[in-house]
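Asker: There's a structure below that I have some questions on.
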Amino acid sequence: MPNSRKTPAGPGSRGPLVLDTRTLPRSPGSARTETRTVPAPADLHAGLAGIPEGSDLRLDVTLESVTEGVLATVTAVAPVTGECARCLEPVSQMIEVRCQELFSYEQGAGDADEDGYALDGDLLDLEPVLRDALVLALPLAPLCREDCPGLCAECGALLAQAGPEHGHENAIDPRWAGLRQRMTQGEQAGRPAPEISEESGRGRP
Ligand SMILES: [Zn+2]
Ligand SMILES: [Zn+2]
């Protein structure tokens, strides 16, 4: 193998997402498919979710020769970890993304297509393409489950564990304390007191 394998990440070094296209004939229509599992690169994060560095990234790659270069079609499956947007409990799930990108044959220095990707000699670096696709696919607000009830607004308890009967009937907003006092006095006078705890949300600014 070339010495570049020993070089740390940098231009020209061959990471696990760099494919060698030498075995792909440069005649339009030729195609090659391979499946590989590679360690996920660092910094695949967005919001509350991310792909842990070094975790298994499973790739199905089809390289196809076209007139202008090599068309890469990639399906990637990656593990995502994060925090539930409602209850902050750990979340883990899998995402699958599919992307397709044309890598042009090198035109010579300075002549590269600025809008697209180019082959570096026979090498095709999937990392920038995959990075974009994976980060876009990360859930912005991951949920531990679709109907996660979140946290109790009063005490911060996990409602999923606390159960549906969890509540704070006795907790009276201080702004309503005076009202309760008047109602309690009314009750003492023989009139039934209305249930105020259900109404206490009304009239809040
Ligand atoms: Zn949750
Ligand atoms: Zn509570």
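The values are calculated or read from the model by the stated rules, or taken from the named source; none is laboratory data. Keep in mind the model is a prediction, meaning the values are calculated, not measured. With ideal geometry, Cβ positions are generated from the backbone for all residues, glycine too; neighbour counts draw on all protein chains shown. Just so you know, the surface numbers come from the protein's heavy atoms only, side chains and all, with ligands and any DNA or RNA stripped out. Shrake-Rupley method; radii C 1.70, N 1.55, O 1.52, S 1.80 Å.
Asker: Got a number for the accessible area of residue 26? Probe 1.4 Å, square angstrom, nearest 10.
Answerer: Probe radius 1.4 Å; accessible area of residue 26 about 130 Å².
Asker: If you don't mind, there's one more thing I want to ask. Would you kindly derive the ³J(HN,Hα) couplings of the stretch 98-103 from the backbone phi angles with the Karplus curve 6.51 cos²θ - 1.76 cosθ + 1.60 (θ = phi - 60°), listing them in order in whole Hz, with x for Gly and Pro?
Answerer: Per-residue couplings from phi come out as 10, 9, 9, 8, 9, 9 Hz.
Asker: Given a Förster distance of 30 Å, report the FRET efficiency between residue 88 and residue 58 from their Cβ-Cβ distance, rounded to the nearest 0.05.
Answerer: Details: r = 29 Å, r/R0 = 0.95.
So the FRET efficiency works out to roughly 0.55.
Asker: To continue, here is another question. What whole-number value in Å² describes the accessible area per residue of the stretch 51-107 for a 1.4 Å probe? Mind dumping the intermediate values first?
Answerer: Working: 2830 Å² over 57 residues.
Counting only protein heavy atoms, the per-residue value for the stretch 51-107 is 50 Å².
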